[in-house]
1. Just to be sure I understand the filter: pairs with C-beta atoms under 9 Å, separated by 6 or more residues or on different chains, first member in segment 162-186 and under 19 Å from N115 (Cα atoms), second member assigned to a loop (DSSP other than H, G, I, E, B) and of a type in the set (F, W, Y). Which pairs pass?
2. Just checking, does segment 53-71 include any residue being assigned to a loop (DSSP other than H, G, I, E, B) and of a type in the set (D, E)?
3. Out of all the residues in segment 110-164, which are outside any helix (DSSP H, G or I), surrounded by fewer than 15 Cβ atoms within 10 Å (Cβ to Cβ) and out of contact with any Pro (no Cβ under 8 Å at 6 or more places or on another chain)?
4. Tell me, yes or no, whether segment 184-194 has at least one residue that is surrounded by fewer than 23 Cβ atoms within 10 Å (Cβ to Cβ) and in a loop (DSSP other than H, G, I, E, B).
5. Residue under question is G75, and the condition is that it be closer than 17 Å to L14 by Cα and in contact with a Leu (Cβ under 7 Å, 6 or more places away or on another chain); does it hold?
6. Quick one: is R28 open to solvent by 60 Å² or more (accessible area, probe 1.4 Å), in contact with a helix residue (DSSP H, G or I) (Cβ under 9 Å, 6 or more places away or on another chain) and modelled with pLDDT of 95 or more?
7. Please count how many residues of segment 72-109 are assigned to a strand (DSSP E or B) and either surrounded by fewer than 19 Cβ atoms within 10 Å (Cβ to Cβ) or on the phi > 0 side of the Ramachandran plot (or both).
8. For V50, are the conditions met, namely being closer than 15 Å to I77 by Cβ and not in a loop (DSSP other than H, G, I, E, B)?
Amino acid sequence: MAPPVSASRFLDALRDEGLTVVEVGDWRTHNRNHKGPWGPVHGVMIHHTVTRGTANTVRLCRDGHSTLPGPLCHGVIAKDGTVHLVGYGRANHAGAGDDDVLRAVIAEQRLPPDNEATTDGNRHFYGFECENLGDGEDPWPKVQLEAIEKAAAALCRVHGWTQRSVIGHLEWQPGKVDPRGFTMASMRKRIAERLR
């Protein structure tokens, strides 16, 4: 069990990992904490946005939309590898997921299949939305994949986690497909190599 790090420590961790970070508005206090607790945190969740254009993507992830208020993540990882911080605290990114998956993340064990949605993931995961159409054809630039690796590794480093604390939305909630276009197994391998 780990309390979330402070917003300042979060920012420092990303920069220490070599990332270019853009702070968007009042990101440090922009959250959904009035809807429930934030923490303990157990891992990092990776998503794709199904959007095109960084400015549009950042705006959507910060503000949300009529049926899902923002922030929709903590950071947006753009095609050019820049991380745009849009919120900190509880964010509408993970939704309900599988409690068996959460237990595996906590124990840093192999993930079981996600077959139920009974556990509040917004409370327990940092979330990064990654700019991509999610159609399996939109490319993932090398610099963007490297930024995903670095962002996840930064939080693993801060908390003393291994790569097994990093999951995709598709591994958490039945019916989700994100991130699409690379495998989480390949991303966890990259993260493990970085953490060495």
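The values are calculated or read from the model by the stated rules, or taken from the named source; none is laboratory data. All of these numbers come straight from a predicted model, not from anything done at the bench. Note that we place each Cβ from the backbone using ideal geometry, even for glycine, and neighbour counts take in every protein chain shown. Only protein heavy atoms, including side chains, enter the accessible area calculation; ligands, DNA and RNA are left aside. Shrake-Rupley method; radii C 1.70, N 1.55, O 1.52, S 1.80 Å.
1. Close Cβ pairs (under 9 Å, with a partner that is assigned to a loop (DSSP other than H, G, I, E, B) and of a type in the set (F, W, Y)) amount to P179/W140.
2. No, segment 53-71 contains no residue that is assigned to a loop (DSSP other than H, G, I, E, B) and of a type in the set (D, E).
3. R110, P112, P113, T118, D135, G136, E137, P139, P141, G160, T162 - these are the residues of segment 110-164 that are outside any helix (DSSP H, G or I), surrounded by fewer than 15 Cβ atoms within 10 Å (Cβ to Cβ) and out of contact with any Pro (no Cβ under 8 Å at 6 or more places or on another chain).
4. Among the residues of segment 184-194, not one is surrounded by fewer than 23 Cβ atoms within 10 Å (Cβ to Cβ) and in a loop (DSSP other than H, G, I, E, B), which makes the answer no.
5. On the way: closer than 17 Å to L14 by Cα: yes; in contact with a Leu (Cβ under 7 Å, 6 or more places away or on another chain): yes.
Considered against the rule, which asks whether it is closer than 17 Å to L14 by Cα and in contact with a Leu (Cβ under 7 Å, 6 or more places away or on another chain), G75 comes out as yes.
6. Yes.
7. Qualifying residue count for the region: 1.
8. Details: closer than 15 Å to I77 by Cβ: yes; not in a loop (DSSP other than H, G, I, E, B): no.
So V50 fails the test.
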